[in-house]
Amino acid sequence: MPQHPPAHVGDAIAAIDTPALVLDLDAFARNVDRMANSAHGIRLRPHAKAHKCPEIARLQIAAGAIGVCCQKTDEAAAFVDAGVADVLVTNEVVAPAKIARLADLASRATVGVLTDDATNVLALSAAATQSAVTLDVYVEVDVGAHRCGVAPDATVALAQQIAVAPGLRFRGLHAYHGGAQHLRDPDERAAAIAAAGELARAARDAIEDAGIHCAIVTGAGTGTWRHERDSGIWNELQPGSYVFMDADYQRNTLSPDEMRFEQSLFVLAGVMSVPSVERAVVDAGLKSFAFDSGLPLVHNRPGTTYVKATDEHGVIDLDAGAVPLVRNDRVWLVPGHCDPTVNLYDWIVGYRRDRVEAVWSISARGALG
């Protein structure tokens, strides 16, 4: 059962119940438009694991996206249930019950999934056949992330198996280099994607040489999408965090010709205690953020630093000369990592200027199956 909304449309920002996940709607809209207008004819399939919110998915599709990606079967269900007609699960799905749910979703939407194993292809085919549906299947090729995926020279056999399997349609390759997204130096990011591109090209060409059409090479993320777009190899892009951004992406150095996306997502915290002029305590701690990419940043308050967290408390240090904080002040905090932070909340509160304009359900929150 979702918690009660922290705000209602028309509320003043000062009335938002804290801690709350809040979204600058103007900055968000500019981010959506910038990416949509920069795809340059390449298919855009934003990664919805970043926001888990059907309202945001609909806005991305209205701006030109062909559908969304997600990571789990239950995430896909949340978007299909909300009317999203084209969903790619950028993950291997192997548990029989999850495969059955995936096949059921394919009766209501175009549903894709990844594979890197011949036995998994058989299981996907059996479920699709039993449900009388067609699943789109992509071979995941390891282009440098060293997570899931097969080497380029192993893609042909899997593509051949998918191409003749009942209930399956071979759609192409999934070639995503996650580690490259957060390489800090722009030249390092470019080099990583150039190397990934050669692996993806080799896999694609080998499949085509075997007489199987490889229609789609999909991948890319917020840190590298421009390189995949311009590669001549990828023809579908999957950036996700660009709609929000976070402290970790802010640590990337951008080259002069790289597009900068705006920070639009914040956790709005309330000051609950001011033990001294040098220290304040807010109501957003370990349960309000993902800390895998470090502590949150304090937004637009020079000399003010979030220094530590416990379950329900965040401690903020203030330098001499910083604007003092008093009880019930609001502090805007930039999450270290937006995706898992979003997964901690039931609602996104969208605002413009000083008023709440939207309250959106994070319908896929906790969709881990």
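The values are calculated or read from the model by the stated rules, or taken from the named source; none is laboratory data. This structure is a prediction, so every number in the text was calculated from the model and none was measured. Backbone-built Cβ (ideal geometry, glycine too); neighbour counts: all protein chains shown.
Taking region 69-94 as the range and being free of Cβ contacts under 8 Å to residues at least 40 places away in the same chain and closer than 18 Å to Asp116 by Cα as the test, the residues that pass are Gln71, Val89, Val93, Val94.
Filtering region 216-233 to residues that are of a type outside the set (S, T, N, Q) and within 16 Å of Leu114 (Cα to Cα) leaves Ile216, Val217, Gly219, Ala220.
A Cβ distance below 6 Å, combined with a sequence gap of six or more or placement on separate chains, defines the contacts here; from region 282-293, residues that are under 17 Å from Leu265 (Cβ atoms) reach residues that are in a loop (DSSP other than H, G, I, E, B) and not hydroxyl-bearing (Ser, Thr, Tyr) in the pairs Ala284/Pro19; Ser288/Pro19; Phe289/Pro296; Phe289/Pro335; Ala290/His337; Asp292/His337; Ser293/Gly336; Ser293/His337. Residues considered: Leu368, Leu333. Of these, the only one that is surrounded by fewer than 20 Cβ atoms within 10 Å (Cβ to Cβ) and either touching a residue at least 60 places away in the same chain (Cβ under 8 Å) or at positive phi (or both) is Leu368.
Please verify whether Leu124 is touching a residue at least 12 places away in the same chain (Cβ under 8 Å), under 18 Å from Thr218 (Cβ atoms), within 23 Å of the chain's Cα centre (by Cα) and assigned to a helix (DSSP H, G or I), treating the condition exactly as stated. When the stated conditions are applied, Leu124 does not pass them. Of the candidates Val94, Val139, Val143, the single residue that is assigned to a loop (DSSP other than H, G, I, E, B), crowded, with 18+ Cβ neighbours inside 10 Å, modelled with pLDDT of 95 or more and hydrophobic (A, V, I, L, M, F, W, C) is Val143.
Report, by residue number, each residue of region 262-289 that is under 21 Å from the mean Cα position of the chain (by Cα) and basic (Lys, Arg). Across region 262-289, the qualifying residue is only Lys287. Looking only at residues of region 163-173 that are touching a residue at least 40 places away in the same chain (Cβ under 8 Å) and either crowded, with 23+ Cβ neighbours inside 10 Å or within 27 Å of the chain's Cα centre (by Cα) (or both), we find that the one that is farthest from Arg204 (Cα to Cα) is Leu168.
If you check Arg204 against the conditions, is it at negative phi, assigned by TED's automatic domain parsing to the domain that holds Gly149, part of a helix (DSSP H, G or I) and over 20 Å from the mean Cα position of the chain (by Cα)? So Arg204 passes the test.
Assess whether Val133 counts as being part of a strand (DSSP E or B) and either touching a residue at least 24 places away in the same chain (Cβ under 8 Å) or within 20 Å of the chain's Cα centre (by Cα) (or both). No.
Does Tyr351 meet the test of being in contact with a Pro (Cβ under 9 Å, 6 or more places away or on another chain), surrounded by 19 or more Cβ atoms within 10 Å (Cβ to Cβ) and assigned to a strand (DSSP E or B)? For Tyr351, the condition - in contact with a Pro (Cβ under 9 Å, 6 or more places away or on another chain), surrounded by 19 or more Cβ atoms within 10 Å (Cβ to Cβ) and assigned to a strand (DSSP E or B) - is not met.
Every residue in region 183-215 that is of a type in the set (Val, Ile, Thr) and in contact with a Cys (Cβ under 8 Å, 6 or more places away or on another chain), please.
Correct list: Ile207 only.
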